[in-house]
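One structure is given here, and the rest of the page talks about it.
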Protein chains: 2
Amino acid sequence: MPPAHARAVTKRIELALLPAEAAGIEADCFIVVDLLRATTTIATLLGAGAGAVTVASELGAARALAAHRGALLYGEVGGLPPEGFDGGNSPVEARDAPVAGREVVLYTTNGTRALCALATRGAVATGALANASAVARFAASHERVCVVCAGEARGMRFALEDFAAAGGIIRRLVALAPGAEMGDAAGLAIETARYDDWLRAGLPQQTAASARLIAGSEHGQALARLGIAADVSFCVEEDTTGAVPLVMECGDGWATLRAWRPGG
Amino acid sequence: MPPAHARAVTKRIELALLPAEAAGIEADCFIVVDLLRATTTIATLLGAGAGAVTVASELGAARALAAHRGALLYGEVGGLPPEGFDGGNSPVEARDAPVAGREVVLYTTNGTRALCALATRGAVATGALANASAVARFAASHERVCVVCAGEARGMRFALEDFAAAGGIIRRLVALAPGAEMGDAAGLAIETARYDDWLRAGLPQQTAASARLIAGSEHGQALARLGIAADVSFCVEEDTTGAVPLVMECGDGWATLRAWRPGG
């Protein structure tokens, strides 16, 4: 078997800072990042053995899909699971959840729309720091890769934590495809990652820049105020799973993701 | 007279990475940055004594406005001034241009729309590195400041050079109003500026990060290929003028800016 980098075919790497920016970017592979906490939870659920994760953007549709498919129902309203749910939108909870072989419906308002819009244009995976290396390997098998920050406020506002995680994915992809051209925002993500390297190398007592950016983000601080800082800490951990969630099917307000099988 | 920082009333600083993001940000002062080259040229023209600069987004309207007002006509198509124009969209040219007491109409496709949309919501100034300190002092007299990256492709794509210049303005504003809250993107700009400080302090032989980011941006490289790298170098220079261009009047596809007079 050849080394992983021998398969890298990526010629261009872009980063969309908001979902709307992705509309103007040509790519055959999109990696959507909603770090706190949807895409970390999705990767962790598939890593824990879930057969599929269906994200749904409306509460009623999430309940109906779960009932119809005999799926577990996870999600949050105001940071906590609603009445009758099997669990929250918590990656810490997802890590140890009894999901092996089950489908999970995950209710999350952000990002579902973006997943389905992009799925008409190319392969769509979700990314986080939890699966950064695995997602970079998947992306490296595509010529034009666009990482997409899902953002806040239904994609209208930039979210620093998504940018920091996108930088973690892009730095790994650049290591696999060092000759790839980069767009402006991807270049900025690399620049930030360099600063991160400097902090890691020169000031080992300090927290890495990406962890500081994520913990200091407005969403990270809001989660800490809700008492779920443990989830934020988990979302900062890198490569806790090798699962690459791929969008397989889309409907009105929902998308089903399954783990990518290399060569399969 | 009290020191400048005594007058700072800024409580919150935001950065919109694309014009569309500004729509969701509440502010009483907007600073629009289109570094290469519109907002550098505007600041330089007012700094050189122009009585007003009217930006116009359509070529026909620019010609008609200039004729109607007896104004000089500057601007570019594909980086160069069209037939019959008095000059280009070049800050190097603007610095020495015979504009004292004259009005200049500047034809520029990007940003005009954003200026007029924002002018209905608060004070609107244009910013660049050329007038970064002056613009920061102006911004410090407002409670909620939003710096707006004008971007590329009529505002659909992020432009790294606008972000780098926005960071230069925000770091100065934070120095004047150190207690102000910051949104996520403003925090990222400060993070990048810290890296910049590190490069300046620790590696004096290297170019500062902001200059590298700007010269390495896709637009910066395109201008260099057009043979106008001198303009890019000029746009990286900080505080070459104290002029703060303020939007005073808006029409369909045009906006007139005049220099802010502190206390006047």
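Brief remarks follow.
- Using a 7 Å Cα-to-Cβ projection, B:ARG225 label spacings across copies, nm, ascending: 4.7
- Packing-based ranking, highest mean first, of A:247-258, B:166-177 given that Cβ atoms within 10 Å are counted: B:166-177, A:247-258
- Listed residue (A:SER233, A:PHE30, B:PHE30) projecting farthest to the positive dipole end of the protein assembly as shown, Cβ model: A:SER233
- Neighbourhood net charge (11 Å Cβ-Cβ; Lys/Arg +1, Asp/Glu -1) for A:ARG95: -4
- Potential extension, A:ARG194-A:GLU249 segment - 0.36 nm per residue separation minus Cα distance: 16.1 nm
- Across the identical copies, how the A:ASP252 labels are spaced - nm, sorted shortest first, 7 Å along Cα→Cβ: 3.9
- Per-residue 3J(HN,Hα) values for region B:233-240, derived from phi via the Karplus relation 6.51 cos²θ - 1.76 cosθ + 1.60 with θ = phi - 60°, read 4, 5, 5, 7, 5, 9, 6, 7 Hz in sequence order (x marks Gly and Pro).
- The dipole here belongs to the protein assembly as shown: it is taken about the Cα centre, uses +1 on the Cβ of Lys and Arg and -1 on the Cβ of Asp and Glu, and is about 200 debye.
- Along region B:145-157 the Karplus relation, 6.51 cos²θ - 1.76 cosθ + 1.60 evaluated at θ = phi - 60°, assigns HN-Hα couplings of 10, 10, 8, 10, 6, 5, x, 10, 6, 6, x, 7, 10 Hz to successive residues, with x for each Gly and Pro.
- The alpha carbons of chain B give a radius of gyration and a Dmax of 17.1, 54 Å, in that order.
- Here's how it looks for A:GLU76: its modeled amide H is under 5 Å from those of A:ASN89, A:TYR107, which are all 5 or more places away or on a different chain.
- Test item: B:175-186 mean partner chain Cβ contacts at 10 Å: 3
- Separation in nanometres of the label points that stand 7 Å from Cα toward Cβ, at B:ALA67 and A:ALA229: 6.8 nm
- Counting, for every residue in A:218-225, the Cβ atoms of other protein chains within 10 Å of its Cβ and taking the mean gives 1.
- Gyration tensor (alpha-carbon) shape descriptor, the protein assembly as shown, a/c threshold 1.5: prolate
- Relative contact order for region B:124-200, counting Cα pairs under 8 Å that sit 6 or more residues apart, in percent: 32 percent
- Residue mean of other protein chain beta carbons inside 10 Å, B:18-27: 3
- Positive-end residue of A:ALA165, A:ASN131, A:SER141, charge dipole of region A:107-181 with Cβ unit charges: A:SER141
- For the residues A:ARG121, A:ARG113, A:ARG95, a GNM of chain A with alpha-carbon springs under 10 Å puts the largest fluctuation on A:ARG121.
- A:ALA222-A:ASP28 FRET efficiency (beta carbon distance; Förster radius 45 Å; 0.05 resolution): 0.80
- Considering helices alone, the calculated mean residue ellipticity of chain B at 222 nm is -11500 deg cm²/dmol, with DSSP H runs of length four and up weighted by -39500 (n - 2.57) and normalised per residue.
- With contacts taken as Cα pairs under 8 Å and at least 6 residues apart, region B:4-259 reaches a relative contact order of 33 percent.
- Under 5 Å from the amide H of A:GLY151 lie the amide H atoms of A:ALA159, each residue being 5 or more positions distant or on a separate chain, with H modelled from the backbone and absent for Pro and chain starts.
- Antiparallel content of DSSP bridges confined to region A:4-259, in %, to 5: 30 percent
- Dipole check for region B:4-259: with +1 at the C-beta of Lys and Arg, -1 at the C-beta of Asp and Glu, and the Cα centre as origin, the magnitude is about 360 Debye.
The numbers here are math on the coordinates, done by the rules we state, and not lab data. What you see is a predicted model; the values in this text were computed from it and never measured. Heads up, the Cβs are rebuilt from the backbone with ideal geometry, glycines too, and the neighbour counts pull from every protein chain shown.
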